[in-house]
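Let me begin by presenting the structure, written as structure tokens, before commenting on it.
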Amino acid sequence: MKRALIALLVVGSVACALLVARADPAPDLTKGVDGIAAWLNDLTGECSKVRRDNDFTSFAGSVRAKVYEPFVAEWGTCTKEPYQRLGLIVLRPGIEEAWLRALANGEVRGDPDLAFGDGFALTGSIGMEHLGLRRLECTPSACSFVQIEHH
């Protein structure tokens, strides 16, 4: 009985470690949005086909595009339920400071509506806590990344 319990604990620990490692936000950004899509597809079985469009403003909206676009190295969309058009964005550094300036100037309110990984972002919010992504919380004086919690 004791051996079975120890074996169960070991198996459970390994399985738990694999789940945590699997949700590590580490797409291959050298492949741009294709790397993000491949990472999502590996994790979820969705987002297998990337669609590209040149009009980021029509996708993000004029206010958000004004703040985000200077920091967008590449973007595209894919389908990942519940999203018909989940935005995949490879980022340049500096979006936190840009959002803070826009917030101080009254151009935006609240926090950015992106889920952030290291060097990339997704436009969705539902299910992003399972991917290990963060949200950017901003006050009038500072922004910080915080882990997305399950609701």
Residue by residue through the range 97-105, what is 3J(HN,Hα) from phi via Karplus (6.51 cos²θ - 1.76 cosθ + 1.60, θ = phi - 60°)? Round to whole Hz and write x for glycine and proline.
5, 5, 5, 4, 4, 5, 5, 5, 7
Arranged from highest to lowest average of other beta-carbon atoms within 10 Å per residue, in what order do the peptides 101-109, 139-147 appear?
101-109, 139-147
Expressed in angstrom, Rg and Dmax over the Cα atoms of the range 29-147 are 13.8, 41
Debye log10 I(q)/I(0) at q = 0.14, 0.28 Å⁻¹ for the range 79-151, Cα point scatterers:
-0.44, -1.32
Result for the range 29-147: accessible area per residue, probe 1.4 angstrom, in square angstrom, of 51 Å²
Please give the peptides 116-128, 48-60 ranked by average Cβ packing (other Cβ atoms within 10 Å per residue), highest first, as a rough proxy for protection.
116-128, 48-60
Roughly speaking, what is the stretch gain from THR57 to SER125, that is 0.36 nm per residue apart minus the C-alpha to C-alpha distance, in nm to one decimal?
22.5 nm
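The values are calculated or read from the model by the stated rules, or taken from the named source; none is laboratory data. If you're wondering where the values come from, they're calculated on a predicted model, not measured in any experiment. All Cβ positions, even for glycine, are placed from backbone atoms using ideal geometry, and neighbour counts span all protein chains on display. With ligands, DNA and RNA removed, areas are computed over all heavy atoms of the protein, side chains included. Shrake-Rupley method; radii C 1.70, N 1.55, O 1.52, S 1.80 Å.
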